[in-house]
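Here's the structure we're looking at; comments come further down.
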Amino acid sequence: MIKTMLISGLLLCLAYAFLQRRKSRTVSVGISLISIAGIWFVLMPQHTTALADALGVGRGADLVAYFWIVISVFVMMNLQFKILGLQRDITEVSRELALRTPVRGEPGNGADPGHPQADPPALEPN
């Protein structure tokens, strides 16, 4: 029962990797390799134990947990770097928009709130 559930979940991960292959080949290959290794270790748990023994870890389940932790930290760091990049991009776009669009009625910008030319200029598409 548990093997069927684990393999089903890993097959879904494999399908997701296949669908993402055009967006990010590296991510797709990584997910595929991890999913295939997971399916192999679910079907052959004695291989997980043998690998754990070779690496000096007590049990195969401990080895899987350690790998899970390492992979999770890597994913979290990758997401954090993407968030920081998006924040930087939003800041740049906001600055550019603020410089292009004068505020109506603000002293010093020559805009008279009642004057028809006081409306901000339309943004031109790039």
Report task. Specify which of the listed residues (L79, L43) is loosely packed, with under 15 Cβ neighbours inside 10 Å and either of a type in the set (G, A, S) or without any contact (Cβ under 8 Å) to a residue 12 or more places away in the chain (or both). Result -> L79
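Please verify whether segment 26-42 includes one or more residues that are farther than 22 Å from I69 by Cα, assigned to a helix (DSSP H, G or I) and within 17 Å of the chain's Cα centre (by Cα).
Step one: of segment 26-42, the residues farther than 22 Å from I69 by Cα are none.
No, there is no match, as no residue in segment 26-42 is farther than 22 Å from I69 by Cα, assigned to a helix (DSSP H, G or I) and within 17 Å of the chain's Cα centre (by Cα).
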Query raised in the report: Any chance segment 86-95 includes a residue that's assigned to a helix (DSSP H, G or I), out of contact with any Phe, Trp or Tyr (no Cβ under 6 Å at 6 or more places or on another chain), surrounded by 11 or more Cβ atoms within 10 Å (Cβ to Cβ) and of a type in the set (D, E)?
Result: no
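Condition test on K23, is it outside any helix (DSSP H, G or I), exposed (fewer than 11 other Cβ atoms within 10 Å of the Cβ) and basic (K, R)? First the steps, then the outcome.
On the way: outside any helix (DSSP H, G or I): yes; exposed (fewer than 11 other Cβ atoms within 10 Å of the Cβ): yes; basic (K, R): yes.
Spelling it out, K23 is indeed outside any helix (DSSP H, G or I), exposed (fewer than 11 other Cβ atoms within 10 Å of the Cβ) and basic (K, R).
We did not get these values from a lab; they are worked out from the coordinates using the rules stated. Computed from a predicted model, the values in this text were never measured in an experiment. Heads up, the Cβs are rebuilt from the backbone with ideal geometry, glycines too, and the neighbour counts pull from every protein chain shown.
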